[in-house]
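What follows is a short report on a single structure.
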Amino acid sequence: MEEGQSQDKKFSYRRMPAVYRTLDSIEPEKDIRARLLGRVVDKGQGSVFLDDGTKTAEIIMENPDSVTLNDVIRVFCRVIPLESGCELRAEIVQDMTGVDQDLYKKVKGLVTQ
């Protein structure tokens, strides 16, 4: 080790943030992580179907039994590009049932301006 270098140098990396998106605005070539808000409209084997008012998409989840139909949830997910479209894999799921979606979207619009 050269003189002046710290022995306590630790490896660290920064995880890309989950950017707020609507389902129809996800760009698989650019987006790595997305933050989505919507209503659970259906459940499948290992996945849920989320409707955010712009589109409905399948979100792959480890434990889809943790949510029920008509729950409003926020999902932080990994965007995996495919030949046609993308796959969305949930990393964090938050219950947002008590949140006024219209007010949330209005505030979100003001913050992003």
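The values are calculated or read from the model by the stated rules, or taken from the named source; none is laboratory data. Here the structure is a predicted model, which means the values were calculated and not measured. Every residue, glycine among them, receives a Cβ derived from its backbone with ideal geometry; neighbour counts consider all protein chains shown.
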Every residue from segment 12-25 that is assigned to a loop (DSSP other than H, G, I, E, B) and in contact with a strand residue (DSSP E or B) (Cβ under 6 Å, 6 or more places away or on another chain): M16, A18, R21
Confirm whether D31 is more than 16 Å from K108 (Cβ to Cβ), in contact (Cβ under 8 Å) with a residue 12 or more places away in the chain and crowded, with 16+ Cβ neighbours inside 10 Å. yes
Output for segment 73-113, where each listed residue is in contact (Cβ under 8 Å) with a residue 12 or more places away in the chain and hydroxyl-bearing (S, T, Y): T97, Y104, T112
Tell me, please, whether a residue that is more than 21 Å from D100 (Cα to Cα), at pLDDT below 90 and not in a strand (DSSP E or B) can be found in segment 76-87. yes
Tally of residues being in a loop (DSSP other than H, G, I, E, B) and within 25 Å of D100 (Cβ to Cβ) across segment 26-55: 5
Report, by residue number, each residue of segment 36-61 that is surrounded by fewer than 19 Cβ atoms within 10 Å (Cβ to Cβ), modelled with pLDDT under 95 and under 12 Å from the mean Cα position of the chain (by Cα). none
In segment 6-29, which residues are of a type in the set (D, E, K, R) and either under 14 Å from the mean Cα position of the chain (by Cα) or within 19 Å of E58 (Cα to Cα) (or both)? R15, R21, D24, E27, E29
